[in-house]
Structure formats: C-alpha cells, structure tokens
Amino acid sequence: MVWSQGKAYGQDLRDCVFSLFDGGASVGQVAQQLLVSVSYVSKVLSRRRLTGELSARPQRCRVPLKLASLHVAIATQVTAKPDATIDELRGWLAATHGVTASKGLMVKTLAMLNLTHKKRRFYAAEQARADVAAARAAWRDALPKLDVGKLIFLDETWTSTAMMRLYG
C-alpha cells in the first residue's frame, strides 16, 4: 500500500480493520496483522463507535501555495527568459510582484509547473571547427592502441609536492 505523510489511509484498509475487529481480533492483533499502529486502529474503531463514520474525513488545514496566484506569470517569465537563473527569477518576483520566495520554493514551483531551471551548457566554439573535430576523432581512434602500462596518474598531492621541488 502506498501512503505518504499527511494523507489518510485508504478505505480498503479501514474496511480490513473493521472486519478483523468484528471477527474477534484485538486492537493489537489487528494492528500487527495490517502493519499499522495500534493508535490508528484504536482511532478508526473509536470514530465508528462514537459517530458511526466508516470513512476518512476530508483533509483540513491545507496551507495554500504561496505562489499559486503567480503560476501563470512565472510560467510566462520562464518561457520569455528560459536562461534566467533561480536567483534572477526570485529577483524578478520581488521587483515585479513584491513577493519573496526561497530558492527551494522556486525550484518546487518550477517542478510543479513542469518547467526546468537547468540551463544549456555552452561549449567551446573550437569544437565546431573541422580541424579540431578531426583531431578529436583521431584521438578517439588512437585510444584502443594506447599502452596503459606507460600511463602515469598524478594526484593533487603529488603534483603539489613535485611543483614545490621544481619551483621551490
């Protein structure tokens, strides 16, 4: 059964609690068999006994999303300036709408809107040149013929020590 914090268990679990308890199982046995807490079983049975309710009540105390009224504006801004960073979007929100938002809130909002805050990576322009592309292809072709035994791997510590010896 899939459950997340803040959400009610499913009705099928409640029905199992009722049927097991009505079949003669104790509260502890029902909890152990269904892998739920004794407190949950006790509360479900208590509500049925006191009010006759067999289903979960609607969730209350939902905190509205801080940026819900600005979702359209945020989506428009990200579409207009797809290379804007999270900090730039936060600055735009503060300047334009007078709303402050943390980085985490902005990331969650963009995810909720199915928008990405990941930016394109830029590569060196030389990679597009024909001579550079040919050199890279030749290097890749030569890799299988490379004698691994002749390679020397340097770590940062060795490099620093060797440089101090050489350059004093």
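The values are calculated or read from the model by the stated rules, or taken from the named source; none is laboratory data. Because the structure is predicted, anything quoted here is derived from the model rather than measured. Here the Cβ positions follow ideal geometry from the backbone for every residue, glycine too, while neighbour counts run over all protein chains shown. Areas reflect the complete protein model, heavy atoms only, side chains present, ligands, DNA and RNA absent. Shrake-Rupley method; radii C 1.70, N 1.55, O 1.52, S 1.80 Å.
Structure summary
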| read-out | value |
| --- | --- |
| Condition check for Leu45: in a helix (DSSP H, G or I), at pLDDT 90 or above and over 28 Å from the mean Cα position of the chain (by Cα) | yes |
| Among the candidates Lys119, Lys145, Lys150, residue that is modelled with pLDDT under 90 and surrounded by 10 or more Cβ atoms within 10 Å (Cβ to Cβ) | Lys119 |
| One residue from Thr76, Thr157 being of a type in the set (S, T, N, Q), on the phi < 0 side of the Ramachandran plot and either at pLDDT 90 or above or surrounded by 10 or more Cβ atoms within 10 Å (Cβ to Cβ) (or both) | Thr76 |
| Pairs where the first residue, in region 127-150, is assigned to a helix (DSSP H, G or I) and the second is open to solvent by 90 Å² or more (accessible area, probe 1.4 Å), C-beta under 9 Å, 6+ apart | Gln127/Arg136; Val132/Glu126 |
| Top-ranked residue in region 55-73 [being aliphatic (A, V, I, L, M) and at pLDDT 90 or above; ranked as farthest from Gly23 (Cα to Cα)] | Ala73 |
| Which listed residue is on the phi < 0 side of the Ramachandran plot and open to solvent by less than 70 Å² (accessible area, probe 1.4 Å), from Gly98, Gly91, Gly24, Gly52 | Gly91 |
| Failed item, numbered, when Val17 is tested on (1) modelled with pLDDT under 90; (2) buried (at least 16 other Cβ atoms within 10 Å of the Cβ) | (1) |
